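Here the structure is laid out as structure tokens; the discussion comes afterwards.
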Amino acid sequence: MSLLEVKNLKTTFAIGVGTVQAVRGISFHVDEGEFVGIVGESGSGKSVTMLSVMDLLPNYAKVEADSMTFAGKELREMNARELRALHGKEIGMIFQDPMTSLNPLFTVEQQLSEPLRIHLGMKRDAARAKALELLRQVEIPDPEQRLKQYPHEFSGGMRQRVMIAMAIACSPKMVIADEPTTALDVTIQAQILDLLENLKKNTNAAIVMITHDLGVIASMCSRIIVMYGGMICEEGSSRDIFYRAQHPYTWGLLNSIPKIHHDRHEKLVPIHGTPPDMLKPPAGCPFAPRCRYCMPVCRMMTPPETGLDHGHRVFCHLMHAKAPKVERGVDR
Amino acid sequence: MLRYILKRLMAGVLTIVILITVAFFMMHAMPGSPFSPAEQKNVPPEILERLAESYGLNRPILEQYLEYWKSLLNGELGISFKKPDTSVNSIIATHFPVSAQVGGIAVIFSLMVGIPLGIVSAMHRGKAADFATMAFATIGISVPTYVFSVLLLWFFAGVCHLSITVWWDQWYNYLLPVACLSFNPIAYIARQTRSSMLEALEADYIRTARAKGVSELMVVAKHALKNAITPVVTYLGPLVAGLLTGSFVVERFFSVPGIGRYFVTSVSDRDYTMIMGIVIFFGVFVVICNLISDILLAVIDPRVKLSK
């Protein structure tokens, strides 16, 4: 059963010079306990998508959707109080920059026990005990001492662990991780990813991981959604995306990942061109201007969904029966 | 913490010593003197000469300076030149409490009005409430206190014929002086709170708090306000020192028997001991208020290290 079901989500930002169309009608779902990755470059709308679901966008953002349900309940019909009851309890969120995402003026204990007190009605001592347990769970050494400290006394990786502890405090049904490792250096990245992987094993929470790094989620995700220009290009299981990718943008992403057995003189293959201007996104397929296989129709019509096996979905005109057969650009 | 306070107090003492020295010599460098024949035309010069001698004004300036320190170390600020037989200590002791009372109320009033105004206008950014508050704040910052005092005086005494400004024996006598004293600080605090509040509300940790399901009231009152309040706390030191020691203009206009008037009259009277007394008193007050506001800042913000 789907835990989160989003149909035709459109998110726009009214700014001085026009309207930024950040998300342009996407539909997807997250099942209970699954690990979904949302991949795309900066500005592809991946973070905005999940922030729309969480109702955490600034008030100049406009969120429209045919439906947006969580555990069968329509999110758009909820009032502020009902949404708050969901936030932090049913849905936990981990943000990109652990350096700024914790309040500098409150101790880790105060911040960690806040959701426990709000949602579970815990008293001070109970909340402290639970907070200690959470710090142990995210493998922070010397938790008794750490609990009394302020965020500035923590390293970036340790702060991100605190963020994770905070997100899972009330045993949520879903955890959204918005580029949780982008701001961290590589070794710390690996540790945080390990931690998230353990989380997946030890809890039955669904995890939605937003990233621009396909490599980061390759081994972890059961399903990957590739986004570009506010739309979904391709969605499928990890294997579908890595071995049976159908969309030229996915190919481009795969080609630009450095491989460990690469000859060191071999060059990475970039995707030429620049991301679309979301103030006036091109008609048709957003990737068309950068696509090697672009056909006239691509610049006119938004590509329809083509369903393949096991929920593998592709949004590309090349999937049409009469389209020319093109070579897969992935050498694997 | 204790070491820091001691260190700051020692630095404060040094500041005061320098202040006393500079003030003392500057005061004597002023043209004219308390008993100069040119100014006191009604008093025979021989008497003026005798007076000057009795106050030790004929002695070398360095000797007077050392003499002053001697009495100062005994806790004596000396006898006023203008009001014979009255010590500066007792003048301060009688008049300061009045100023401190009026000023203290004004400080509390400024904070209680300024901070909420700032918060409200930050939360309604770009809307009518914001524009109204900021228009008020701009006026409050740019209109000098004496203009505002005159306007109030004209309105209440001149137009409404209320005698609330004449004597100093009723609770309502406090209204106008407090209003005048807090006018400017309210505007400043509102502006400051608004801008730091806007910054805080945009911060990532506010988004985190919302993602945790913290109520909007607590997001603003707890998570954002604690971060937004620090510039106001920094401003609090000079503000408290300034308001508690009274204002010449406001006290004159509303017949407040405070210490504020002596800041000006002592200088024009060439009342040497009174000038020094006021300077020292104000200096010590500023040093202590700044120390307290720095400590308060460190209490609020753990990243502020008191040892530095």
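Each row is one residue, and each column tells you yes or no for (1) on the phi < 0 side of the Ramachandran plot; (2) aliphatic (A, V, I, L, M); (3) touching a helix residue (DSSP H, G or I) at 6+ places or on another chain (Cβ under 8 Å).
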{"residue": "B:PRO45", "(1), (2), (3)": "yes, no, no"}
{"residue": "B:LEU51", "(1), (2), (3)": "yes, yes, no"}
{"residue": "B:SER54", "(1), (2), (3)": "yes, no, no"}
{"residue": "B:ASN74", "(1), (2), (3)": "yes, no, no"}
{"residue": "B:LYS83", "(1), (2), (3)": "yes, no, yes"}
{"residue": "B:ILE92", "(1), (2), (3)": "yes, yes, yes"}
{"residue": "B:GLY104", "(1), (2), (3)": "yes, no, yes"}
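For the stretch B:191-204, enumerate the residues that are of a type in the set (D, E, K, R) and facing chain A (nearest Cβ under 7 Å). Write out each step before concluding.
First pass over the stretch B:191-204, keeping only residues of a type in the set (D, E, K, R): B:191, B:194, B:199, B:202, B:204.
The one that is of a type in the set (D, E, K, R) and facing chain A (nearest Cβ under 7 Å): B:ASP204.
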Original post:
Counting just the residues of the stretch B:214-232 that are within 18 Å of A:VAL108 (Cβ to Cβ) and at the interface with chain A (Cβ under 7 Å from one of its Cβ atoms), which one comes out surrounded by the most Cβ atoms within 10 Å (Cβ to Cβ)?
Top reply: B:HIS223
**OP:** Kindly indicate whether any position in the stretch B:88-97 is more than 25 Å from the chain's Cα centre (by Cα), under 30 Å from B:MET276 (Cβ atoms) and of a type in the set (Phe, Trp, Tyr).
**Re:** no
Original post:
Does at least one position in the stretch B:216-236 carry a residue that is more than 30 Å from A:ILE118 (Cα to Cα) and of a type in the set (S, T, N, Q)?
Top reply: yes
**OP:** Give the stretch A:118-147 a look and list any residue that's out of contact with any helix residue (DSSP H, G or I) (no Cβ under 8 Å at 6 or more places or on another chain), of a type outside the set (D, E, K, R), farther than 23 Å from B:ILE300 by Cα and more than 13 Å from chain B (Cβ to nearest Cβ), or say none.
**Re:** A:ALA129, A:PRO141
Subject >> Answer from B:ARG207, B:ARG303 - the residue that is within 14 Å of chain A (Cβ to nearest Cβ), assigned to a loop (DSSP other than H, G, I, E, B) and on the phi < 0 side of the Ramachandran plot >> reply: B:ARG303
Subject >> From A:PRO104, A:PRO98, A:PRO115, residue being touching a helix residue (DSSP H, G or I) at 6+ places or on another chain (Cβ under 8 Å), at pLDDT below 90 and within 11 Å of another protein chain (Cβ to nearest Cβ) >> reply: A:PRO98
**OP:** Report yes if B:TYR4 is within 29 Å of B:VAL299 (Cα to Cα), surrounded by 11 or more Cβ atoms within 10 Å (Cβ to Cβ) and among the hydroxyl-bearing types (Ser, Thr, Tyr), otherwise no.
**Re:** yes
Subject >> Where B:HIS124 falls short, out of the listed (1) touching a helix residue (DSSP H, G or I) at 6+ places or on another chain (Cβ under 6 Å); (2) of a type outside the set (D, E, K, R); (3) in contact (Cβ under 8 Å) with a residue 40 or more places away in the chain >> reply: (3)
Subject >> Residues being more than 11 Å from chain B (Cβ to nearest Cβ), under 18 Å from A:LEU51 (Cβ atoms) and part of a helix (DSSP H, G or I) - total across the stretch A:63-95 >> reply: 2
Original post:
Looking only at the stretch A:267-279, which residues are at pLDDT 85 or above and of a type in the set (D, E, K, R)?
Top reply: A:ASP277
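The values are calculated or read from the model by the stated rules, or taken from the named source; none is laboratory data. Here the structure is a predicted model, which is why all the values come from computation and not from measurement. Note: ideal-geometry Cβ built from the backbone for every residue, glycine included; neighbour counts use all protein chains shown.
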